[in-house]
Amino acid sequence: MQAAIATMSMFSRSQSEIRRVTRQLTLLNEHGLHARPATELVRLASAFESTITIESNGTRYRADRIMEVLLADLNRGDTFMIEAVGPDAIEAVKRIAQFMVFLKGAEEKVDQTRNPDREMID
């Protein structure tokens with residue numbers, strides 16, 4: 001009897017728990033969303049219950065599938081939409097936006113390590 005009650009409660013999720021969140025982002029790192037950062041994005045997107053998509057140039061790509069993320073062909077300066085639909089949509093979009101900022105910072109650190117004498121100009 002207990003198992004039947006638990007199963008029923010899984011299907012009684014209220015509509016207020018499912019959310020749709022979108023955010024426009026611009027890719028700032030010099031090398032774009034190439035294989036390594038795309039793989040990290042897929043890992044991040046896969047950690048959420050929500051379905052996460054990237055919309056670029058009128059086409060939607062699933063953010064939890066490496067081939068689709070690579071097909072989005074996002075390069076430096078490209079603006080795109082991230083959309084998450086599900087119970088953790090707010091957190092998913094927030095973390096992906098933070099990841100995009102992290103990419104820029106990580107790339108700059110790598111560049112400085114490779115070229116330690118390079119001058120930084122504001």
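The values are calculated or read from the model by the stated rules, or taken from the named source; none is laboratory data. Fair warning: this is a prediction, and the values are worked out from it, not measured in the lab. Neighbour counts run over all protein chains shown; Cβ positions are idealised from the backbone, glycine included.
Considering (1) at pLDDT 95 or above; (2) touching a Gly at 6+ places or on another chain (Cβ under 8 Å), say which one Arg76 fails and leave the rest.
(1)
Name every residue in region 35-76 that is over 16 Å from Lys94 (Cβ atoms) and in contact with a Ser or Thr (Cβ under 7 Å, 6 or more places away or on another chain), in order of residue number.
Residues satisfying the conditions are Arg60, Tyr61, Arg62, Asp64, Ile66, Ala72, Leu74.
Can you tell which of Thr22, Thr53, Thr59 is more than 15 Å from Gln98 (Cα to Cα) and within 13 Å of the chain's Cα centre (by Cα)?
Details: Thr22 fails: more than 15 Å from Gln98 (Cα to Cα); Thr59 fails: within 13 Å of the chain's Cα centre (by Cα).
The conditions single out Thr53.
Would you call Ser46 touching a residue at least 24 places away in the same chain (Cβ under 8 Å) and among the small types (Gly, Ala, Ser)?
On the way: touching a residue at least 24 places away in the same chain (Cβ under 8 Å): no; among the small types (Gly, Ala, Ser): yes.
It is false that Ser46 is touching a residue at least 24 places away in the same chain (Cβ under 8 Å) and among the small types (Gly, Ala, Ser).
Please determine, by comparing only the residues of region 46-77 that are outside any strand (DSSP E or B) and acidic (Asp, Glu), which one is nearest to Leu27 (Cα to Cα).
So the first thing to find is which residues in region 46-77 are outside any strand (DSSP E or B), and the list is 46-50, 57-58, 63-77.
In the following step, the residues that additionally are acidic (Asp, Glu) were identified as 49, 64, 68, 73.
Working: Glu49: 24, Asp64: 18, Glu68: 17, Asp73: 11 Å.
Applying the filter and picking the extreme gives Asp73.
Can Gln98 be described as closer than 20 Å to Arg20 by Cα, out of contact with any Cys (no Cβ under 7 Å at 6 or more places or on another chain) and either at pLDDT below 95 or surrounded by fewer than 12 Cβ atoms within 10 Å (Cβ to Cβ) (or both)? Lay out the reasoning, then the answer.
Values: closer than 20 Å to Arg20 by Cα: yes; out of contact with any Cys (no Cβ under 7 Å at 6 or more places or on another chain): yes; either at pLDDT below 95 or surrounded by fewer than 12 Cβ atoms within 10 Å (Cβ to Cβ) (or both): yes.
Criteria met by Gln98.
Identify all residues within region 34-55 that are buried (at least 18 other Cβ atoms within 10 Å of the Cβ) and among the hydroxyl-bearing types (Ser, Thr, Tyr); write none if there are none.
Hits for region 34-55 are Ser50, Thr53.
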